[in-house]
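Read through the structure below, which is laid out as structure tokens, and then see the notes.
The values are calculated or read from the model by the stated rules, or taken from the named source; none is laboratory data. Since the structure is predicted, the reported quantities are computational estimates derived from the model, not experimental observations. Please note: Cβ atoms are built from the backbone with ideal geometry, for glycine as well, and neighbour counts cover all protein chains shown. We work out accessible area using only protein heavy atoms, side chains counted, and drop any ligands, DNA or RNA first. Shrake-Rupley method; radii C 1.70, N 1.55, O 1.52, S 1.80 Å.
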Amino acid sequence: MKKKKSLINLIKIPQIEDEGYLFFAQYPESIPFKIKRIYFITKPKSGSVRGKHSHRELKQILFCLQGSVKMILDDGYQKESLILDDPSEGVILKPLIWHEMHELDKKTILLVLASDVYKAEDYVRNYDDFLKIVNAKPKKDS
Ligand code: T46
């Protein structure tokens, strides 16, 4: 039986240490898509859970610049989780990956690089709808 492919795809970006730390990410060396939008999330409320959706087409990479976050990734067949706490590491959020951000601490700052502008219609915010979409797609050999 073939081993299932992990849902966790991390990218490592260059880090330069001089008077402090400088990190950079550029297309196509580190970022596998052209970036059309960035957004960042700061000062999360205690106990808040963010995400809880998937995107239909959007590709994203999420970095945790400060603090930490527990990410849960789910492709409708399997779920995996990881802790992001290193600004030189970004997690790739592919289309049709249900993602949740948990355990954000007060200091957590998340930066997201996105392949497209904001489109509300690209979100799948209901988990049952997400499963229907995933199940309607031919299952990939994993
Ligand atoms: C994602 C995860 C990782 C906009 O108007 N423009 C934007 O570019 C974004 C990102 C959000 N919004 C609005 C939509 C909502 O009314 O901001 C509000 C909060 O967005 P949301 O509840 O989707 O936030 P998160 O933190 O749950 O999700 C965000 C991104 O929206 C999402 O694409 O993948 O971070």
Problem set entry | Cβ pairs under 6 Å, 6+ apart, first in the stretch 94-120 and among the aromatic types (F, W, Y) and open to solvent by less than 60 Å² (accessible area, probe 1.4 Å), second modelled with pLDDT of 95 or more and not in a strand (DSSP E or B) | W98/F130
Seminar exercise, completed: Among E80, E89, the single one that is more than 24 Å from K139 (Cβ to Cβ) and touching a Leu at 6+ places or on another chain (Cβ under 7 Å) is E89
Exercise. Quick one: what pairs do we get from the stretch 39-51, first residue over 8 Å from M101 (Cβ atoms), second more than 9 Å from the ligand (Cβ to nearest atom) and not in a strand (DSSP E or B), C-beta under 6 Å, 6+ apart or different chains?
Worked result: P44/L104; P44/T108
Seminar exercise, completed: Reported set for the stretch 44-67 where residues are over 19 Å from V117 (Cα atoms) and either open to solvent by 30 Å² or more (accessible area, probe 1.4 Å) or out of contact with any strand residue (DSSP E or B) (no Cβ under 6 Å at 6 or more places or on another chain) (or both) is P44, K45, S46, G47, S48, V49, R50, K52, L65, Q66, G67
Seminar exercise, completed: Within the stretch 3-36, the residues that are touching an Asp or Glu at 6+ places or on another chain (Cβ under 7 Å) and among the basic types (K, R) are K12, K36
Seminar exercise, completed: Requiring at least 1 residues that are out of contact with any helix residue (DSSP H, G or I) (no Cβ under 6 Å at 6 or more places or on another chain) and away from the ligand (no atom under 16 Å from the Cβ), the strands (runs of 3 or more DSSP E) wholly within the stretch 8-50 are 10-12, 15-17, 21-23
Exercise. Does L7 satisfy being touching a Ser or Thr at 6+ places or on another chain (Cβ under 7 Å) and surrounded by 15 or more Cβ atoms within 10 Å (Cβ to Cβ)?
Worked result: no
